[in-house]
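**Student:** Can you read through this structure? Questions will come right after.
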């Protein structure tokens, strides 16, 4: 797992966690994209997908397929994103149990394009972890 310091993510993570804890049922997908460091034109593109809808059973967001450049990787957002969620004091967990409905990170390694589906996103007051099911690809951002 790669760990990086990203203090600028502390407030967006705290804001997202607070909304979930307060029972907010619609949160713009762009606010989730901020947790990946998205900004500028990219935020406008992601915002076009609208809100993530949270219910007691899970969460979902529908919209056009998106390919989002994120440094050395591309983040692919499928037409339907859905999964389950939970909230904890100052944090949250989003779980993507269905590979067809999970964001994925893709990278070009020499001549091979390799993609990893996001399995879970966990946030606490001190860090954000992206679990792709592969220790070499997993990311942890500390605040």
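**Student:** When a footprinting reagent is the concern and you count Cβ atoms within 10 Å, what order do 18, 76, 39 take, fewest first? Don't skip to the answer; put the middle values down first.
**Tutor:** Numbers: 18 13, 76 17, 39 10.
So the residues, fewest neighbours to most, are 39, 18, 76.
**Student:** Okay, moving on. How big is the Kirkwood radius of the stretch 49-115, worked out from every pair of different alpha carbons and given in Å to one decimal?
**Tutor:** Working: mean 1/r = 0.0753 Å⁻¹.
13.3 Å is the Kirkwood radius here.
**Student:** For residue 109 paired with residue 11, estimate the spin-label separation in nm (one decimal), with each label point 7 Å from Cα along the Cα-to-Cβ line.
**Tutor:** A separation of 3.8 nm, rounded to one decimal place.
**Student:** Report, in whole Å, the centroid distance computed from the Cα atoms of the stretch 107-143 and the stretch 21-68.
**Tutor:** Each part reduced to its Cα centre gives a spacing of 18 Å.
**Student:** Want the number for residue 3 to residue 53: 0.36 nm per residue separation, take away the alpha-carbon distance, what's left?
**Tutor:** On the way: separation 50, 0.36 × 50 = 18.00 nm, distance 2.99 nm.
Here the segment from residue 3 to residue 53 would lengthen by 15.0 nm.
**Student:** Work out how much length residue 140 to residue 72 would gain on full extension: take 0.36 nm times their residue separation and subtract the Cα-Cα distance, in nm to one decimal. Intermediate results must be reported in sequence, preceding the final value.
**Tutor:** Values: separation 68, 0.36 × 68 = 24.48 nm, distance 1.64 nm.
Computed gain between residue 140 and residue 72 is 22.8 nm.
**Student:** Calculate, in nm to one decimal, what residue 79 and residue 98 gain on full extension: separation in residues at 0.36 nm each, minus their alpha carbon distance.
**Tutor:** Numbers: separation 19, 0.36 × 19 = 6.84 nm, distance 1.31 nm.
Extra length from residue 79 to residue 98 when fully extended: 5.5 nm.
**Student:** Still on this structure, please answer the following. Among (1) 16.9, 54; (2) 14.3, 47; (3) 17.1, 62, which one is Rg and Dmax of the Cα atoms in Å computed from these coordinates?
**Tutor:** (2)
Every number in this text was worked out from the coordinates using simple rules, so none of it is lab data. Predicted model, so just to flag it, every value in this text is computed and none were measured. Note that each Cβ is placed from the backbone with ideal geometry, even for glycine, and that neighbours are counted across all protein chains shown.
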